[in-house]
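Colleague: Have a look at this one before I ask anything.
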Amino acid sequence: MADGKTIVLGVTGGIAAYKAADLVSRLVKDRCQVHVIMTEAATQFVSPLTFRTLSGNPVSTDLFSEPGTWNVRHISLAEKADLMVIAPATANIIGKIAQGIADDMLSTTVMAARCPVLIAPAMNVNMYLNPIVQENIRSLEKHGFYFIGPAAGHLACGTQGQGRMVEAAVIQEKIMDLFLGKHDFAGKKILVTAGPTREYLDPIRFLTNRSTGTMGYSLAKAAACRGAAVHLVTGPTCLADPLGIKITKVESAREMQAAVEEIFPEMDIVIKTAAVADYRPKITANQKIKKKDGDLSLSLARNPDILLELGRKKKHQILVGFAAETESLLEYAQEKMIAKNLDLIVANNIKEEGAGFGTTTNIVTIITKEGQMHRLPQMTKIDTAHAILDHLRMLAE
Ligand SMILES: Cc1cc2nc3c(=O)[nH]c(=O)nc-3n(C[C@H](O)[C@H](O)[C@H](O)COP(=O)(O)O)c2cc1C
């Protein structure tokens, strides 16, 4: 039950708009306060009266017809919301949000929202597979929007393929699991490290790696959704700062070490996903290194092993490491867990399709100190993050 939580549900112009009525009724039964915003196109498919009756609240359809109160409705709804859901989401609304367009009540409210936004796309398969739509979805994922579906099957337009909005019951379950229901990390302080580090050769060149930070940011967001006080220490990424999370931005491995060691004593759980450089140039030139005839050799110094240090210092903390390997994955991961005194290690083969750096999905094996191995199927990184937290929950009890 999500007693008293406020959900703003955006309904856009597709056949699946009728399924949104079922979703409203389910959320109301879960004791949520549901406020529906319909686009003009959505009103062609379902009457606002349906949503007004099911939600027990006025339905917003027009940005300029304000109710007779002092507050500006799109701002007040955006501020009130614990979660925004757009179901069904047309190609049009996805494109508008991705481009920052705010030209009606729904898109304007999304722009003003600071809560998580969950989007359930529904459209013809060719529309869904259109590279522009795919690019818009990826861009929104990078900005921290959550997606559910679409499912594959028979589509209202008579074709088969991916594009069906997932059923209301599935969206309801996701809402309860990911956003509103579980507060199983309330009272826990969690440190997550993410991203690559940069080791400078001179003012403009550095050694780094392909980590995008997505797995770490997903863990930070998932832990915050489940009630933890999260501190994210991150190397440089292109990802938007997650809301409601304390963030320290660093560049080099030594900066990351300083930030982590300062916070570590007061933490309950530390999850180290950052891909920290093992080596740095022995000398960082003050000026740009000029090219000369012949080869140039770099002399590298060993960087501190942050995880090893934390393993030595840990008292009450649960320490979780990641092992990104290209061979002998499980052996290396187990060796790392023992050598670094970890409680849990998450192993992924970065050569595997759909896993590792620069992907929106991951395929991981969670290994416990007792040697139990749980291989998870290919899942989005946010779902992988929740599965890792489910295992951690058992250790933290
Ligand atoms: C019968 C019918 C069904 C439609 N179904 C969809 C759909 O499922 N998904 C979609 O993206 N667009 C669909 N459209 C097109 C949208 O309604 C159209 O792009 C509209 O501009 C969307 O506006 P909105 O995003 O503001 O609701 C449909 C149009 C018609 C006439």
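Colleague: So in region 105-122, with the set limited to residues that are in contact with a Leu (Cβ under 6 Å, 6 or more places away or on another chain) and assigned to a loop (DSSP other than H, G, I, E, B), which one is farthest from the ligand (Cβ to nearest atom)?
Modeller: Residue satisfying both the conditions and the ranking: ARG114.
Residue by residue, here is whether (1) small (Gly, Ala, Ser); (2) loosely packed, with under 13 Cβ neighbours inside 10 Å; (3) at pLDDT 95 or above holds:
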{"residue": "THR284", "(1), (2), (3)": "no, no, yes"}
{"residue": "GLN287", "(1), (2), (3)": "no, yes, yes"}
{"residue": "LEU296", "(1), (2), (3)": "no, yes, no"}
{"residue": "ARG302", "(1), (2), (3)": "no, yes, yes"}
{"residue": "ASP305", "(1), (2), (3)": "no, no, yes"}
{"residue": "GLY311", "(1), (2), (3)": "yes, no, yes"}
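Colleague: A further question on this structure: Among the numbered criteria (1) touching a residue at least 40 places away in the same chain (Cβ under 8 Å); (2) in a helix (DSSP H, G or I), which one does LEU243 miss?
Modeller: (2)
Colleague: If you don't mind, another one. When the residues of region 71-96 are filtered to those that are outside any helix (DSSP H, G or I) and near the ligand (Cβ under 9 Å from one of its atoms), which remaining residue is farthest from TYR128 (Cα to Cα)? Before you say what the answer is, go through the steps one by one.
Modeller: Filtering region 71-96 down to residues outside any helix (DSSP H, G or I) leaves 71-72, 81-90.
If we keep only those that are near the ligand (Cβ under 9 Å from one of its atoms) too, we end up with 88-90.
On the way: PRO88: 13, ALA89: 11, THR90: 9 Å.
Only one residue fits best here, namely PRO88.
Colleague: Please pick out the residue among LEU54, LEU49, LEU27 that is among the aliphatic types (A, V, I, L, M) and in contact (Cβ under 8 Å) with a residue 40 or more places away in the chain. Please lay out each step first, then the result.
Modeller: Values: LEU54 fails: in contact (Cβ under 8 Å) with a residue 40 or more places away in the chain; LEU49 fails: in contact (Cβ under 8 Å) with a residue 40 or more places away in the chain.
Just one listed residue meets the conditions, LEU27.
Colleague: Hey, does region 65-72 have a residue that's modelled with pLDDT under 85 and of a type in the set (Phe, Trp, Tyr)?
Modeller: Of all residues in region 65-72, those modelled with pLDDT under 85 come to 65-72.
Now drop any that are not of a type in the set (Phe, Trp, Tyr), which leaves 70.
Within region 65-72, one or more residues are modelled with pLDDT under 85 and of a type in the set (Phe, Trp, Tyr).
Colleague: Suppose we keep only residues that are part of a helix (DSSP H, G or I) and among the hydroxyl-bearing types (Ser, Thr, Tyr) within region 1-49. Which one would you say is nearest to the ligand (Cβ to nearest atom)? Spell out how you get there, then give the answer.
Modeller: Within region 1-49, the subset part of a helix (DSSP H, G or I) is 17-29, 42-44, 48-49.
Next, from what is left, pick out any that are among the hydroxyl-bearing types (Ser, Thr, Tyr): 18, 25, 43.
On the way: TYR18: 11, SER25: 21, THR43: 9 Å.
That would be THR43.
Colleague: So which residues in region 336-349 are buried (at least 18 other Cβ atoms within 10 Å of the Cβ) and either of a type outside the set (Lys, Arg) or not assigned by TED's automatic domain parsing to the domain that holds ILE271 (or both), if there are any at all?
Modeller: Of region 336-349, the ones buried (at least 18 other Cβ atoms within 10 Å of the Cβ) are 336-337, 340, 342-349.
Answer for region 336-349, where residues must be buried (at least 18 other Cβ atoms within 10 Å of the Cβ) and either of a type outside the set (Lys, Arg) or not assigned by TED's automatic domain parsing to the domain that holds ILE271 (or both): MET337, LEU342, ASP343, LEU344, ILE345, VAL346, ALA347, ASN348, ASN349.
The values are calculated or read from the model by the stated rules, or taken from the named source; none is laboratory data. Note that this is a predicted model, so its numbers are computed, not measured. As a convention, Cβ positions derive from the backbone with ideal geometry for all residues, glycine included, and neighbour counts pool all protein chains shown.
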